[in-house]
Structure formats: structure tokens, C-alpha cells
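Here's the structure we're looking at; comments come further down.
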Amino acid sequence: MGNSSEAPSAPAAVLIYDDWYPAMRSQKLRRGQTATAMLLGIPLLLGRTRNDELFAMRDSCPHRGIPLSCGRFDASGVTCKYHGWRFDPVSGQCLEIPSLTPADTLDCTRIYAGAFPCVERDGYAWVYVPSPGSGRLRAEEMAALPAVPEVPKFGPRFRSAHLTAELPCNVDHGIIGLMDPAHGPFVHQSWWWRSGASIHVKEKQFEPIPQGFRMTAHAPSANSAPYKLLGVYGQPVTTTIDFVLPNRRYETIRCGDKWFSSLTTVTPVTATASRIDVAAAWNIFYRIPFVPEIAKAFGKRFVEQDRQTMVEQAGGLRFHPALMLIDDADRPAKWYFALKQSRLQMVAGGEFVHPLSGPVTLRWRS
């Protein structure tokens, strides 16, 4: 008897459509140039027109399926390499089919390649991904799309930074890892963050918000070094953390008129792999040189600790082990799964039922 050498596959996740996802950093998209990305298992061709408008097309010609990225983009139209079909990159409308003759009756402008709404916000190209098979969005549907997510800002002057990391796990594991309050003393033990000896009981209040939940404004952890630095301003420090479907964690830190805010997303690249993106803005220590560089260096190290842990976790998840969630530390993860299931049921014609009926107090040690 021979043993199969095929490795177990990573577990897949059910994906949420009809929402905005960050496809890539917008600084990579220069006028007249394109780039490719994968989003919810959809191959995308992204670019920027000569009018500085971003676009996102399905990277597939509707004629024979060859990737449009194999063709040409002249800052106004995308031309397929195989038969020269030319498309408007924003709408996806076919503009020309070179093989047609005057005797042909086919109206090429009634043909569309796949195209998705694409908006630049906070340094990312955000793409709206409708449900599979929903067809091209009509004008009234475009006007009714939800707002594009963005980092909360509390003044016109601020600095910003971005981080990204690929995760070898599905979006569900990425998200519950993102909101997990108990892993900090073990994954993020560092002299510049906290030590394992600083673990203690914490008590936080949560409340329901549309499509998510909020850890209400509270004094940040006393055992986290970065928060201690804000003490130089001599003002009370408060932190508010929101999670909103499908994949967004907002954190806002206020200290008088000083603030720091971030939007962290875990985006499904495919059903089995994801990517974490962090966009942050702040006006704390605004005039001190090199703060953005220092903040990004420490932030990169912080995210890398999470990524490495998920790489190791993925090695075990390949064998599809039975898993468990406990109270109270894992209650936010339970809420996430309940919120996701309720949203999927709503898409199928059911009613959205929020798992939180009112404020809840949770306690754990971290």
C-alpha cells in the first residue's frame, strides 16, 4: 500500500459579497499603467486612466477568456491581445471588435467585460464586489452603494501610514485573530509593547452597532507602553474599538485634541487565503521628526508577529481539527460568526438578527 503525498488543503470560508474591499495600494497605480490583484477569488486588472480615474476589471476577456492583462492599456482603453477587442476600462463596455465587417449586424457596444466600482480612499483602491451572477450594476444601483470605508479623522492636519501582510488562512481565522483580546501577552511580548508578567484581569463593555459591535470608550491598557507615551499630554486617554462586517476593525484613541485612528481590514484573497491591511492617521507628536517612520517600523513588527503566528496556525488547520471558542475572551469571535451568518441569511431573503440585544460586559485576563 502506498501513502498519498498530497498535503491536506487549507479550510475554506464562505465569502460575503455586495460590499467594498481594498484590492491594493493605490500608489501602485500610475496613469496609463495597470496591475493585477486577486479579490474574493476574482482575478482583477486595475489601473488609472489619463483622467486619473481608477478602474477595476475582471481580468478576463468575455470573448475567449484570455487575461486582459496580457493585452494593452493606452490610458483610455484596454485592448485584448488575442483578437483586439477594445473595452472602456471603467464601464467595461466594448468599444471595438476589429474582425467585424460592414455587413455584420452585431452591436459591439452591447457587450461588456466584467467591471467593478473602484474608488481611491486612504491610499487604497477599494473595489465593490457584487454577488456572483448579479450582472452589471445599473445607474440607480451604483447610486445606492454603501459608503466607501475610511479611517476616522478629527482634523485637517495629520500624518498617515500603511501596512500590509499576506495571511495563509481564510478570512474567518484572520478576523477572529484580529479581534482576539487574549493573545497579546503571548504573541506580542516585547519591551516596547508589554511583557508576559503584566497579564491581569480586564473588564470591557460592548454594545451593538449596525452590522457589528463596539468596545465602548475606555482607558487603554496600562500595561501597553505606546499608550503610556500619551501621558505627556496630561489629558485623559480613551480608546474606542468597532468591528463592522464584513471585515473592518476601527480603533480611535483620543487624548484632548490629540488623536490616533486606524482601519484594519482582513480581506479574502481567495476562500482559503487572506490579506491584512492597516491604514492609520494621527496628529499626536505631529511636529516630532521621524515619528511616521518609527510608528511604521513598530507597527510592521507588530503585524509580523500576528502573521507569523497565523502561518504556524495554518500548519495545524490544514488537518481540519475540531476547534472551540470559550467565554468571555472568545465572545467577540462568536458574535462575528453570528453576524456573518445573519447577513448571509438576509441575502437569501431572511431577516438580519443582531446577536447583541444590548450592552454586555466581558472579562478576561491579558
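Quick notes
- Sum of -39500 (n - 2.57) over DSSP H runs of 4+, divided by residues of the chain (222 nm, nearest 500): -5500 deg cm²/dmol
- Spin-label pair Y17/L137, simplified geometry with 7 Å Cα→Cβ offset, distance in nm: 1.4 nm
- Residues of the range 301-328 with an amide N closer than 16 Å to a point placed 7 Å from the Cα of S9 along the Cα-to-Cβ direction: 317-321.
- Local electrostatic count at L245 - Lys and Arg +1, Asp and Glu -1, tallied over other residues with Cβ under 15 Å: +2
- Inter-centroid distance (Cα atoms) of the range 141-189 relative to the range 327-366, Å: 18 Å
- Residue among Q33, L100, L137 farthest towards the positive dipole end of the chain, charges placed on Cβ: Q33
- Kirkwood hydrodynamic radius of the chain, from inverse mean 1/r over distinct Cα pairs, in Å: 22.8 Å
- Cα long-axis angle, helix 331-347 against the chain (0 to 90 degrees, to the nearest 10): 30 degrees
- The range 72-163: GluC sites (Glu not before Pro) in DSSP coil with no more than 13 other Cβ atoms inside 10 Å: none
- Degrees between helix 291-317 axis and first principal axis of the chain (Cα, 0 to 90, nearest 10): 80 degrees
- Pairs of Lys residues in the chain are counted when their Cα atoms are under 18 angstrom apart and they lie 8 or more places apart or on different chains; the count is 4.
- Averaged over residues, the count of other Cβ atoms within 10 Å places the peptides 338-348, 47-57 in the sequence 47-57, 338-348, highest first.
- Of the peptides 33-41, 263-271, the order by per-residue mean of other Cβ atoms within 10 Å, starting with the highest, comes out as 263-271, 33-41.
- Working from label points 7 Å from Cα in the Cα-to-Cβ sense, the R72 to D180 distance is 5.1 nm.
- Cα-centre dipole for the chain with unit charges at Cβ (Lys and Arg positive, Asp and Glu negative), debye to 20: 980 debye
Computed from the coordinates by the stated procedures, all read-outs in this text should not be read as laboratory data. Since the model is a prediction, treat every value here as computed from it, not as a measurement. All Cβ positions, even for glycine, are placed from backbone atoms using ideal geometry, and neighbour counts span all protein chains on display.
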